[in-house]
Amino acid sequence: MRPWILLTVVALAVLLACERRGLRPGVWVAKPLASAGFLAAALAAGALGSGYGRMVLAALILSWLGDVFLLARGSRPAFVAGLGSFLAAHLAYATAFLVRGVHPTPLALGAVALLPAAGVAWRWLAPHVPGGLRLPVVAYVLVITAMAALALGTLAAPWRPGVPLGALLFYVSDLAVARERFVAPSFWNRAWGLPCYYAGQLVLASTVA
């Protein structure tokens, strides 16, 4: 296993153990380290060598910042800052996918599948989102939906599923974050959401090669 992937895997295991036991100092150390692993993976794969790679690297850096902001659990300003960082990360990913090349047929099919899912997600979240956060959350849902649809739009010959796989894992992990923040806080949100998140970021990092 490559060292940067091992870093993410080991730090993620420590992060989950600390989350389970409520050891916040351990969480503050382990989470940035786990996220540093996907930055190193992208750099090692040659992210600086192409426009696509640089946009993916920008998305990963913004994600790292979002992870740091969200460490301050219970702080509304930190949550808004984290939301903004991840919103920018999704926009950077969307731009990267456009740079890589998007085919209209899988893009349209992806949009048809994902827009109803976005509507369902908002109906699920809406009763729990405070008034001051409703507009930012709606914007976030729309942006991640567009990002995922554009990722599916990269599916064209030759068959390279890394981009949509990574993007959809990231998309699913955001559902865990939303459930944790607004609906039903629980360790189990993090138990499945964090592995999806880190797997998705590592997969996306690998696509810059």
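The values are calculated or read from the model by the stated rules, or taken from the named source; none is laboratory data. A quick note: this is a predicted structure, and the numbers were derived from the prediction, not measured. Protein only, heavy atoms only, side chains kept; ligands, DNA and RNA dropped before computing areas. Shrake-Rupley method; radii C 1.70, N 1.55, O 1.52, S 1.80 Å.
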Cα-based Rg and Dmax for segment 79-155, where Dmax is the largest Cα-Cα distance (Å) = 13.3, 38
inquiry  = Could you put Met147, Met55 in order of accessible surface area, largest first, with the 1.4 Å probe and the full protein assembly present?
reply    = Met55, Met147
inquiry  = From the protein chains alone at 1.4 Å, what is the descending order of accessible area for Ser75, Ser206, Ser173, largest first?
reply    = Ser206, Ser75, Ser173
Calculated from backbone phi, Karplus (6.51, -1.76, 1.60) coupling profile of segment 56-70 in Hz, x at Gly/Pro = 4, 4, 4, 4, 5, 5, 5, 5, 4, 4, x, 4, 5, 4, 6
task = Taking the convex hull of the Cα atoms, report for segment 24-182 its projected area averaged over all directions, in nm².
result = 9.4
task = List the extent of the Cα atoms of segment 1-79 along each of their three principal axes, largest first, rounded to whole Å.
result = 41, 33, 12
key: Probe 1.4 Å, protein heavy atoms only - accessible area per residue of segment 8-91 in square angstrom   = 43
query = Counting only Cα, what are the radius of gyration and maximum Cα-Cα distance Dmax of segment 69-123, in Å?
reply = 15.2, 42
ask   = Relative contact order (percent) for the chain, with alpha-carbon contacts under 8 angstrom and 6 or more residues of separation?
value = 23
remark   = Share of accessible surface on carbon and sulfur in segment 1-79, whole %, 1.4 Å probe and ligands ignored, is 73
Fraction of accessible area attributable to carbon and sulfur, segment 91-209 (%, probe 1.4 Å) = 74
Two-decimal ratio, segment 109-209, of alpha-carbon radius of gyration to 2.2 N^0.38 Å = 1.13
request  = For segment 135-157 and segment 177-202, compute the distance between their C-alpha centroids and round to whole Å.
outcome  = 19
